[in-house]
Amino acid sequence: MVAELTHGARLPRQDTGTGPVRRAAMPWILMYHSVADEEEDPYLLTVSPERFAAQMRWLAVRGWRGVSVRELLAARAAGRRERLVGLTFDDGYADFARQVVPVLSDYGFTATAYVVTQRLGGDNGWDTEGPRKALLTDQQVRDLAAAGWEIGSHGLSHTALPGVPAEVLRAEVRESRAVLAGLLGEPVRGFCYPYGAVDGPTARAVREAGYDYAVAIRHSPLAGRFALPRCYVGDRDGAWRLRAKRGRHGLRDVITELRRRGASL
């Protein structure tokens, strides 16, 4: 039931941008997609507005403040020790402006929306079996950025990047940043790997394109500033599931650190 939800160290400098980070430096970042009422959700990417509001209330009651990844990393770099959790929304669905922004504003939270630059004003045509969902328009993206919401790149076309030809990788990473920067009138700092798919060459391409960070999904040997792991949140996530996911996030940090040290697990 939705009702159940009512009741810092500095990121280390990394020369490659793709190496693992220490446990103390791993931020907690939540991954959302769409917030809407949908009868069909085959990919489990949609959270109902009621459930989403309850999840944000749960964070606030427990002393967490949701922030954009930009703010989260800046706070950690400054050594601030607040209870901050990154809030991210992939794909740039139009319901971000309609359903997400009002709820987060009520709590003084911020967030990052990652948009697919060639599809602004279109729909999620890459989800072949799911319902068509409208995406943010150029003007909505400009308005959100002007109001202080972080806008990051999710590539040009929502293409999985590992293994694509070099020219495609450059376009998806570099051109999407340039197009979005031109639209916003400011540098674009963050990149989100479509489908969470990332390998070493892809992460290097993102770093070399001038981004400050990139978000992935899983904890992996690549975990670091250019492959920040995130915690999936879905419509079934009530209080106990959120607590469990927070616990698993910490455990995975321990495992990653032990693997970094070459420990036998």
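Each reported figure results from applying straightforward, stated rules to the coordinates on display, with no laboratory input. What you see is a predicted model; the values in this text were computed from it and never measured. All Cβ positions, even for glycine, are placed from backbone atoms using ideal geometry, and neighbour counts span all protein chains on display.
Structure data summary
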| read-out | value |
| --- | --- |
| Principal semi-axes in Å for region 51-114 [√(5λ), Cα gyration tensor, largest first] | 20, 15, 8 |
| Net lengthening on full extension, Ala166/Glu50 (0.36 nm per residue, minus Cα-Cα) | 37.4 nm |
| Cβ-derived FRET efficiency at R0 30 Å, Val179 paired with Thr128, nearest 0.05 | 0.75 |
| Separation of the Arg241 and Asp106 label points, Cα + 7 Å toward Cβ, nm | 2.1 |
| Hz values of 3J(HN,Hα) by residue in region 185-199 - Karplus curve (6.51, -1.76, 1.60), Gly and Pro given as x | x, 7, x, 9, 8, x, 10, 10, 5, x, 6, x, 7, 8, 9 |
| Dipole magnitude of region 26-254 about its Cα centre (Cβ charges: Lys, Arg +1; Asp, Glu -1), debye to nearest 20 | 1280 |
| Inter-label distance, nm, simple model (7 Å from Cα along the C-beta direction), Glu39/Ala197 | 3.2 |
| Distance between region 212-226 and region 41-110 - C-alpha centres, whole angstrom | 19 |
| Cβ-based exposure ranking for Leu44, Leu156, in which fewest neighbours within 10 Å come first | Leu44, Leu156 |
| Amide hydrogen neighbours beyond the local backbone of Val67, cut-off 5 Å, H modeled | Val85, Gly86, Leu87, Thr110 |
| Square roots of five times the Cα gyration tensor eigenvalues for region 162-216, Å | 18, 12, 9 |
